[in-house]
1. Using the structure shown, list the pairs from LYS267/LYS311; LYS18/LYS231; LYS18/LYS300; LYS18/LYS298; LYS18/LYS311 with a Cα-Cα distance above 32 Å, or answer none.
2. Using just the helices of the chain, give the 222 nm mean residue ellipticity in deg cm²/dmol: DSSP H runs with n ≥ 4 each add -39,500 (n - 2.57), and the total is spread over all residues, rounded to 500.
3. Kindly rank 85-98, 117-130, 282-295 from highest to lowest mean number of other beta carbons found within 10 Å of each residue.
4. To the nearest Å, what is the center-to-center distance of region 200-254 and region 27-55, using C-alpha atoms only?
5. What's the percent breakdown of Cα-Cα distances in the chain across 20 Å bins, shortest bin first?
6. Note down the net charge around LYS300, summing +1 for each Lys or Arg and -1 for each Asp or Glu among other residues with Cβ under 12 Å from its Cβ.
7. Using 1/(1 + (r/R0)^6) with R0 = 22 angstrom and r between the beta carbons of GLN119 and GLN11, what's the FRET efficiency to the nearest 0.05?
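Here, each number is a calculation from the coordinates, and none is a lab measurement. Just so you know, these numbers come straight off a predicted model, no measurement behind them. Virtual Cβ from ideal backbone geometry, glycine too; neighbours counted across all protein chains shown.
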Amino acid sequence: MSSESIAPLTQEVKDLAKRHGAALVGVAGVDRFDPMPPLHDAAPPGHHPRDFIPGARSVISIAQPILSGVMDAPAVLAEADLPMIPPHVRRPYFDRIYGRVGHFVQDCMLEFVGQIVGQYLMSRGYQAMIFPTTGVHPSLPGLTDGEIWGGPPKGVAQTFSPFRYTFGPFSHRHAATRAGLGEFGYNNLVLTPEFGPRVRFNSIVTDAELAPDPLITRPICLRRKCKLCIKACVTATISTRDDPDVQDYRSVDAIDDARIFIDTPSKSDAPRCMRRPYERPDFPIRGDCMRICPIPKKPKRLPKHLQRLLKQGDCGWASP
Ligand code: SF4
């Protein structure tokens, strides 16, 4: 591919993605998926762009925001006295609303954008691979998600998912930082300058050579002086990777706050997060670790427990 054709093709792909609903589009060369300093995290086997297209040269990262009303209203209304909704149904009801228009809509639309971009690349003679936006849940007769992913059956020496939970085939968050759309925050999500953490990503892998976007050069997350996301989490799911009290395969000696977080400084305990609605009847609507984040601007409408956190430094939740 001649260097003269790289820029026009890149622009065509970006314009196409935006015309079909992507709010942000960035491009990473596949070399950016080699382990990079300071953390040198590597894609696990089966999750590297070249595992999907052996001659992959570029990864296109696409994103859509979660609307501010969707982020705020379900969390606030879940705490209100609403005569038409029985009190014991209120939280599951608003959690479902948030899940539908704060998760499912972007999941579907970003997959749609991926297909459109993939078709276009195919029409130009290139290969493309697209992905589900979120984790996949294969069903096996007689086994729950927890039993599939929770660890090996008794008597089997091999270990499987270290996450103990289902996961996606490709990390769209790692692709987004490598495509220059943002950096990881302490909430283990990717923050963009435009939307903070209130944004969802998907990716397209292709063997087309596209012009990479520059990486983020200035920190977006406020780092240790903030940590509101970690304090807001009712199930204490998030910890930094250098927390000596939470040691696992992701642990590192130190996180250098002066560096851009191209790899995540934090880790989440996904099974614990997903148990949230089952462990306490007063569970908060999913997304407090995004809702509380002051990037790109301080949230104006918060549920009472997050207002308490801002005023008193504590949500007032009893420990789970
Ligand atoms: S809440 Fe603060 S520490 Fe957490 S991601 Fe946002 S800016 Fe970073």
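1. Result: LYS18/LYS231; LYS18/LYS311 exceed 32 Å.
2. Value at 222 nm, helices only, nearest 500: -9000 deg cm²/dmol.
3. So the order, starting with the most tightly packed, is 282-295, 117-130, 85-98.
4. Value for the Cα centre distance between the two parts: 16 Å.
5. Result, from short to long distances: 30, 58, 12, 0 percent.
6. +3
7. Once rounded, the FRET efficiency stands at 0.80.
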